[in-house]
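For reference, the structure is listed below as structure tokens.
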Amino acid sequence: MKDNQFSITLKGSFNDDEHIRLNEFTNQLEVINTVLRNIDSSINKTKSTYYRIINLSHSSPACVVFEAVPFPDTENNSQIIIHRFFEGLQNIIDGIIPEYYDYKIFESLKKFGSSNITEILLSYDNKNIDIPKNLSATINELLGPDEIIEDSITGMLEILDIHAREKKFYIYPIIGPKKVICKFSDDLLQQKAKEGIGHYIYVEGEFRYKKMSPFPYVVNVNDIEIYPDEDELPTLSALHGVAPNATGGISSEAFIRRIRNNEW
């Protein structure tokens, strides 16, 4: 197998004659796709790699062989991405938190396996990783309990999802994390979230952290303030004469002098 190729082998339950059920087959492929995509985005600002199936066999167990292919005019990071995927997964099994895995990757990896899958084997570079049944429990133990802080954050609201069971939007801060998931339940907050799409907003709420990251992985929103667009803000000339008595009747020069001398 080439350096840019890897495979997954799946075996179903005895009751299914070791065949894999369709929904569970697609679920396992989606786990791999999501993890690889997130690792890619941690390396590159834009997607650099896509994956194609170059071999598919069904001989109990089923096996799928993938090949990583760089997009045109992008740096070839395919081997780095696959290596980080396998190395990070092995670290988790060994009880170590990979430094380049974010919370979303951990949540995706929890979806590996099901009660109807008896074996998941990942292979790359002559190395095999047998996904344990307790992978989800291992991840939960590694991440530990949430640290909860009442805090606030400012950023651009770009994505709003009100159709899922949990209403949420994504805020893209100016500094810090690339994006933060913000969950809410109040109808008033939903209206504010709709009005805030495409605007910078200020969010207050319950920030939840994991020990693996300095940034919150989710915010339970208590309030939203929408900032006006730049063209709606007053100019300096428009502020002229707004507060004529701001200096208390003395000249502006004397007012500034007092401030400098700590007399105010």
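Annotations
- Residue count for segment 129-167 under the criterion of being among the charged types (D, E, K, R), surrounded by 14 or more Cβ atoms within 10 Å (Cβ to Cβ) and touching a helix residue (DSSP H, G or I) at 6+ places or on another chain (Cβ under 9 Å): the result is 1.
- From the list THR49, THR74, the lone residue that is within 22 Å of the chain's Cα centre (by Cα) and assigned by TED's automatic domain parsing to the domain that holds TYR124 is THR49.
- Segment 162-188: number of residues that are modelled with pLDDT under 90 and not polar (S, T, N, Q): 14
- Hits in segment 182-219 (condition: within 30 Å of LEU143 (Cβ to Cβ), of a type outside the set (D, E, K, R) and exposed (fewer than 14 other Cβ atoms within 10 Å of the Cβ)): SER185, PRO214
- Selected residue (criterion: nearest to ASN116 (Cα to Cα)) from residues of segment 40-59 that are part of a strand (DSSP E or B) and hydroxyl-bearing (Ser, Thr, Tyr): SER57
- Output for segment 38-80, where each listed residue is without any contact (Cβ under 8 Å) to a residue 60 or more places away in the chain and charged (D, E, K, R): ASP40, LYS45, LYS47, ARG52, ASP73, GLU75
- Residue satisfying condition, being closer than 19 Å to PRO132 by Cα and buried (at least 18 other Cβ atoms within 10 Å of the Cβ), within set ILE39, ILE20, ILE82: ILE20
- Test: residue in segment 60-79 that is in a helix (DSSP H, G or I) and within 23 Å of LEU135 (Cα to Cα): no
- Selection within segment 92-144 - of a type in the set (Gly, Ala, Ser) and in a strand (DSSP E or B): SER123
The values are calculated or read from the model by the stated rules, or taken from the named source; none is laboratory data. Keep in mind it's a predicted model, so treat the numbers as computed, not measured. Note that we place each Cβ from the backbone using ideal geometry, even for glycine, and neighbour counts take in every protein chain shown.
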